[in-house]
1. When segment 202-232 is examined, which residues are found to be surrounded by fewer than 21 Cβ atoms within 10 Å (Cβ to Cβ) and either within 16 Å of residue 181 (Cα to Cα) or not assigned by TED's automatic domain parsing to the domain that holds residue 267 (or both)?
2. Name every residue in segment 89-119 that is part of a loop (DSSP other than H, G, I, E, B) and more than 14 Å from residue 144 (Cα to Cα), in order of residue number.
3. Only one of (1) under 19 Å from residue 291 (Cα atoms); (2) crowded, with 16+ Cβ neighbours inside 10 Å is not met by residue 186, so which one is it?
4. I'm trying to understand the selection: among the residues of segment 1-29, which are without any contact (Cβ under 8 Å) to a residue 40 or more places away in the chain, assigned to a helix (DSSP H, G or I) and more than 12 Å from residue 52 (Cα to Cα)?
5. Just wondering, is there one or more residues in segment 168-177 that are over 23 Å from residue 238 (Cβ atoms) and in the same structural domain as residue 228 (by TED's automatic domain parsing)?
6. Between 43, 112, which is within 22 Å of residue 328 (Cβ to Cβ) and either in contact (Cβ under 8 Å) with a residue 12 or more places away in the chain or surrounded by 15 or more Cβ atoms within 10 Å (Cβ to Cβ) (or both)?
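The values are calculated or read from the model by the stated rules, or taken from the named source; none is laboratory data. Predicted, not measured: the structure shown is a model, and the values here were computed from it. Note that each Cβ is placed from the backbone with ideal geometry, even for glycine, and that neighbours are counted across all protein chains shown.
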């Protein structure tokens, strides 16, 4: 079996989860070889797969990539990208901290990788929100693949390939969906539900990107650009998040037999593609009615069909998603 050599750009929670997921599964370790890793502390080449275990141990103890062990340094990030073809790396997995303001530094690094023919799997929304067309053009120029299921939380169904997509709707943010579930099933107030999400490790210490709707806005915008050719900027997405005031909408829903979900939507309206995010009342007939907790789902409507796709949830969900994208990138 031919092994795919990959490199990790970013070794925080996501990068470590992926490395651990591969390292602990012999069948995956035989198919995917992590050849190099880079983060803010530097970049290193791994001479053998077993070094991933020691790398994870070092990170758990707060040591940087180049601080210990017989690993060869690969220099700064730009040098790291340029070295990948000579290392036989065919896929770069990028998971740097998201910057939705301008997409940097990941935007330039991903573009450089694609231009040199290295396929990229990213879970970073910033580069796609701010440089979607640039990255697509770079991939087309070299023949490299760009896979980004991890940026939206749901995979785009193959069945809609070649069809005109008229509408995309989705419950795309696990943090807000968990909070809303707690508010509706446990009758918790917003602050208590948010506190619970933080204690469970679901919400970030600063949850503003989630609860203010920016994360959902980024995800639905990426889907709208890929499937509908949307040209709107992130700032042009009509956006309303959730907060203590959402309690009144929840009470209204209870009286009507409905529940509240934070829904991202892209649709063709009055000849334009409109993209929005808002808490919506959802009835039992909706495909999102049973999407509770940290689960995600999206509905794609074409001229002749509607397809529903559920996102993954659980501890290993992001690692599974990245592995699936790696396989697609090398198919």
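1. Passing the criteria: only 202.
2. Taking segment 89-119 first, the residues part of a loop (DSSP other than H, G, I, E, B) are 89-90, 95-105, 116-118.
Result: 95, 96, 97, 98, 99, 100, 101, 102, 103, 104, 105.
3. Only one criterion is unmet by residue 186, namely (2).
4. Of segment 1-29, the ones without any contact (Cβ under 8 Å) to a residue 40 or more places away in the chain are 1-3, 13, 19, 23-27, 29.
The next check asks that each one be assigned to a helix (DSSP H, G or I); those that pass are 13, 19, 23, 26-27, 29.
Listed by number, the residues that qualify are 13, 26, 27.
5. no
6. On the way: 43 fails: within 22 Å of residue 328 (Cβ to Cβ).
Being within 22 Å of residue 328 (Cβ to Cβ) and either in contact (Cβ under 8 Å) with a residue 12 or more places away in the chain or surrounded by 15 or more Cβ atoms within 10 Å (Cβ to Cβ) (or both) holds for just one of 43, 112, which is 112.
Residues checked against (1) modelled with pLDDT under 95; (2) closer than 24 Å to residue 308 by Cβ:
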position: 163; (1), (2): yes, yes
position: 167; (1), (2): no, yes
position: 170; (1), (2): no, yes
position: 175; (1), (2): no, yes
position: 178; (1), (2): no, yes
position: 189; (1), (2): no, no
position: 197; (1), (2): no, no
position: 207; (1), (2): no, no
